[in-house]
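Okay, so here's the structure we're looking at.
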Amino acid sequence: MRSPTNFTVTFAIAFAILYTLAVENNWALFTYHAALEEFVFLVEKQKDGPAMYWYGWLSTAGIGAFVIAALAAWLPERLSRPIWPGWSWAVPLASMVAFVYILRGFFTR
């Protein structure tokens with residue numbers, strides 16, 4: 001029986017990378033307008049208050065990471081070697097460092 005390690009480690013790696021890319025490039029699956037209490041598909045500019053993209057970024061990264069991890073889990077055993085579990089914390093840590101760089105000017109304005 002195959003171990004779920006490849007799926008979980010691949011999901012953690014893919015989610016961290018995709019979330020960083022989604023935030024940097026504003027790849028939101030949907031936008032939430034809190035003042036209007038409405039969700040719209042993909043990215044939309046603010047209307048009657050601030051537009052919230054965070055939920056869309058999480059959805060984009062979550063769905064993308066699930067697809068990548070599922071594909072990695074379906075690879076035949078002879079094609080896939082076990083992935084080092086340490087990547088599941090090393091890549092998200094690198095993603096946090098990337099966020100420090102991305103947001104470097106946000107708190108100093």
Here is a list: 69, 73. Which entry is within 17 Å of the chain's Cα centre (by Cα), of a type outside the set (Phe, Trp, Tyr) and surrounded by 13 or more Cβ atoms within 10 Å (Cβ to Cβ)?
69
Checking the structure you have, find out if any residue of region 91-104 is over 21 Å from residue 24 (Cβ atoms) and part of a helix (DSSP H, G or I).
no
So is residue 84 hydrophobic (A, V, I, L, M, F, W, C) and open to solvent by 90 Å² or more (accessible area, probe 1.4 Å) or not?
yes
Region 23-43 - residue that is open to solvent by less than 60 Å² (accessible area, probe 1.4 Å) and assigned to a loop (DSSP other than H, G, I, E, B) and, of those, farthest from residue 7 (Cα to Cα):
34
Counting only residues that are open to solvent by less than 70 Å² (accessible area, probe 1.4 Å) and part of a loop (DSSP other than H, G, I, E, B), how many does region 44-59 have?
3
Based on this model, can you work out whether residue 63 counts as part of a loop (DSSP other than H, G, I, E, B) and either at pLDDT below 85 or under 19 Å from the mean Cα position of the chain (by Cα) (or both)?
no
So which residues in region 66-90 are at pLDDT below 85 and in a helix (DSSP H, G or I), if there are any at all?
none
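The values are calculated or read from the model by the stated rules, or taken from the named source; none is laboratory data. Note that the coordinates shown come from a computational prediction; the quantities given were computed from them, not determined experimentally. A quick note on method: Cβ atoms are made from the backbone with ideal geometry, for glycine too, and the neighbour counts reach across all protein chains shown. Note: accessible area is taken over every heavy atom of the protein model, side chains too, but ligands, DNA and RNA are not part of it. Shrake-Rupley method; radii C 1.70, N 1.55, O 1.52, S 1.80 Å.
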